[in-house]
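Data block below; observations after.
The values are calculated or read from the model by the stated rules, or taken from the named source; none is laboratory data. The model shown is predicted, which means the values in this text are computed figures rather than measured ones. Using ideal geometry, Cβ is built from the backbone for each residue, glycine included, and neighbour counts are taken over all protein chains shown. Side chains included, ligands, DNA and RNA excluded: accessible areas come from the protein's heavy atoms. Shrake-Rupley method; radii C 1.70, N 1.55, O 1.52, S 1.80 Å.
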Amino acid sequence: MNPHNTRPLRYAILAWAAGLSVYAICLVALAPATLIDAGLQHAGGGRLRLAQAAGSLWSGTGQLEIRDAAGLRSVGRSLTWRARPASLLRGKLGFEVTLSQAGTPFSVELSTSGVEVTRADFVLPAALLGMAAPRLAVIGPTGELRVRIEHLLLSRTSVSGKGVIEWLDAGSTLTPVSPLGNYELRVSGSGGQVDATLHTLDGPLHLEGAGSGGSGPPAFVATARVDAPYQLQLAPFLRLIAVERKDGAFEFQFGQSPAAGRTRL
């Protein structure tokens with residue numbers, strides 16, 4: 001085939017691709033920011049929403065709210081976003097997102113594969129723990145949760161990636177000992193399986209645990225030990241949410257139905 005004869009076809013394809021990209025950019029630029037709120041509520045089963053949304057899909061601001069299952073309590077953080085037009089050339093809709101005014105921007109991309117988050121680092125209030133595990137709401141968690149995500153891909157059927165959640169200056173409104181310590185939860189996912197390990201960084205209350213989740217309910221078991229000088233102060237507090245073992249340790253279970261000698265949270 002004469003290469004000169006293929007030039008008009010190549011030009012037509014390039015023109016079509018350019019026109020499609022311009023059309024997609026126009027849609028993103030004109031679509032209202034309230035569409036994000038609708039998408040979050042659908043994806044999060046009503047537990048996520050973008051309140052006070054202003055702007056468009058191209059760029060805007062709002063208040064990201066995370067709610068408990070009953071919708072009675074919520075944690076909010078300011079959110080800003082700006083579209084990355086170059087991502088459209090890869091068949092994705094990419095954004096630069098900043099959570100809270102002092103946060104570090106990170107990448108979020110939407111595609112037919114799911115939602116992809118890269119290099120995220122932000123802080124949330126520890127009260128969020130009471131929404132994730134309702135019985136923890138009773139103790140009034142205090143402190144901050146620092147979330148660091150290296151890479152995370154969420155789809156309808158699988159989760160892949162890894163990240164770290166640190167509970168910094170951890171405490172409770174029910175105990176005079178504050179802070180209780182600093183703790184680290186490492187999470188990794190592949191396919192439909194998510195694994196997590198909990199470690200103590202420092203503090204008088206030592207927490208260690210591990211768990212996993214897949215198609216069924218997640219299962220996570222943690223053990224708490226207290227330094228001797230703090231046992232009289234912390235033991236009554238731990239008995240509210242855990243079962244004391246003969247060796248003086250306390251055991252928690254999150255998720256599945258409790259086994260003998262365990263408390264479900």
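Things worth noting here:
- Backbone phi angles across segment 201-206, fed through the Karplus curve with coefficients 6.51, -1.76 and 1.60 (θ = phi - 60°), yield HN-Hα couplings of 8, 5, x, x, 9, 9 Hz in residue order; Gly and Pro are listed as x.
- Cα-Cα separations in segment 47-167 greater than 20 Å, expressed as whole percent: 50 percent
- Tensor-based shape of segment 120-203 (alpha-carbon gyration tensor, a/c under 1.5 rounded, otherwise prolate or oblate): prolate
- The packing ranking, built from the mean of other Cβ atoms within 10 Å per residue, places the peptides 110-116, 90-96 in the order 90-96, 110-116, highest first.
- One chain, two ends: His151 and Ala133. Fully extended at 0.36 nm per residue, the span grows by 4.0 nm beyond their Cα-Cα distance.
- Calculated accessible area for segment 48-179 comes out at 52 Å² per residue, all protein chains present (probe 1.4 Å; ligands, DNA, RNA ignored).
- Hz values of 3J(HN,Hα) by residue in segment 59-67 - Karplus curve (6.51, -1.76, 1.60), Gly and Pro given as x: 7, x, 9, x, 10, 6, 10, 10, 10
- Counting only protein heavy atoms and using a 1.4 Å probe, the accessible area of Ile66 comes to about 40 Å².
- Amide N of segment 137-160 lying under 20 Å from the label point, which is placed 7 angstrom from the Cα of Ser190 along Cα→Cβ: 149-160
- Evaluating 6.51 cos²θ - 1.76 cosθ + 1.60 at θ = phi - 60° for every residue in segment 233-243, the Karplus couplings come out as 7, 9, 4, x, 5, 5, 5, 5, 10, 8, 10 Hz, glycine and proline recorded as x.
- Ligands, DNA and RNA excluded, the heavy atoms of Arg245 present near 80 Å² of accessible surface to a 1.4 Å solvent probe.
- Net length gained if the chain between Val164 and Ala228 were fully extended (0.36 nm per residue, minus Cα distance): 20.1 nm
- For Leu57, nonlocal amide neighbours, meaning residues 5 or more places apart or on other chains whose placed amide H falls under 5 Å from its own, are Ala31, Ala33.
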